[in-house]
Amino acid sequence: MDDTKGKNRGQPTPSRRAVRQKLESLVDAGVLDLPRRSGVASVVAAQTTRPEKSVGMVPANQRPAGPLPAVDPAEKLRLLEPLRAEVAGCRRCEELACARTQTVFGTGSPGARICFLGEAPGADEDASGIPFVGRAGQLLTKIIEACRLRREDVYILNVLKCRPPGNRPPTADEVANCRGFFERQLEIIGPEFICCLGTTAAQALLRSEEPIGRLRGRWFEHGDSQVICTYHPSYLLRNPAAKRHVWDDMKILMARMGVEL
Ligand code: URA
């Protein structure tokens, strides 16, 4: 692969191994097409050289023109801490509170432009206290990276903060009990974009009863945030053919975020 011409001049050429690993990760994430202009080598180079630590996740030269939103991540972090403590002490859902190892609040940058909203912690998340760290989480990370974003620059949270026993779907009462928590988290972070992962997140945030198949790939609003919904990574583990739809949704999202593929 010739990285010495055009756009990638000056960037180190990634090793064949790095390119292969990146390709495998992109395929796992459901990426079916890469822009001819950039190719895998430049995607790898862009993701391994990272000259800039941005408040959002789009390098300055890829942001749409216009003023940056006023963000003070340190202040947002300060506001999130009492909420985290409140969540940790919550016993509104007695069954969940008795069964949990710990609550799972959220992870990532409080200054993120985008939040990914999932359903509820599973066993791995209950054990670690961090959302999306199990198999579904690893797939989510690949999807985020396929979008040329970094996991640490987005914010990841769930509707429920406790693991439902046996990973059963949350009940309506449990969602209602946790609504104040995820709504306040989102209000403090104030992301430009929210991506709902799966039925529970989409229906809870949008207060909708429509199935995810009808909600995905369309734009909605929640406060000042623009919302897009897609299939949950756990669903993709069971139905890999649906990854192509998620990739379609991510392309819609990236286009509006001004992230260049
Ligand atoms: N599924 C979710 O919805 N959230 C997690 O944190 C893990 C799996």
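Remarks
- Subset of the stretch 93-118 [open to solvent by less than 50 Å² (accessible area, probe 1.4 Å) and part of a loop (DSSP other than H, G, I, E, B)]: C93, R100, T103, V104, F105, S109, P110, G111, A112, R113
- Any hit, the stretch 101-110, residues being within 14 Å of the ligand (Cβ to nearest atom), over 24 Å from D28 (Cβ atoms), of a type in the set (G, A, S) and at pLDDT 95 or above: yes
- Within the stretch 119-132, considering residues that are under 16 Å from the mean Cα position of the chain (by Cα) and near the ligand (Cβ under 7 Å from one of its atoms), the one surrounded by the most Cβ atoms within 10 Å (Cβ to Cβ): P121
- Test set (1) open to solvent by 20 Å² or more (accessible area, probe 1.4 Å); (2) under 30 Å from T101 (Cβ atoms); (3) out of contact with any Cys (no Cβ under 9 Å at 6 or more places or on another chain) - P211 fails condition number: (2)
- Where a residue in the stretch 131-148 is farther than 17 Å from V19 by Cα and its partner, wherever it lies, is away from the ligand (no atom under 12 Å from the Cβ) and open to solvent by 10 Å² or more (accessible area, probe 1.4 Å), with Cβ under 6 Å and at least six apart: T141/R151; I144/R151
- Wholly enclosed helices (runs of 4 or more DSSP H) of the stretch 152-225 bearing at least 3 residues under 15 Å from the mean Cα position of the chain (by Cα): 172-189, 198-206
The values are calculated or read from the model by the stated rules, or taken from the named source; none is laboratory data. Note that the structure is a prediction, hence the values are computed from the model and not measured. Cβ sites come from the backbone with ideal geometry, for glycine too, and all protein chains shown count toward neighbours. Just the protein is used for accessible areas: all its heavy atoms, side chains included, with ligands, DNA and RNA removed. Shrake-Rupley method; radii C 1.70, N 1.55, O 1.52, S 1.80 Å.
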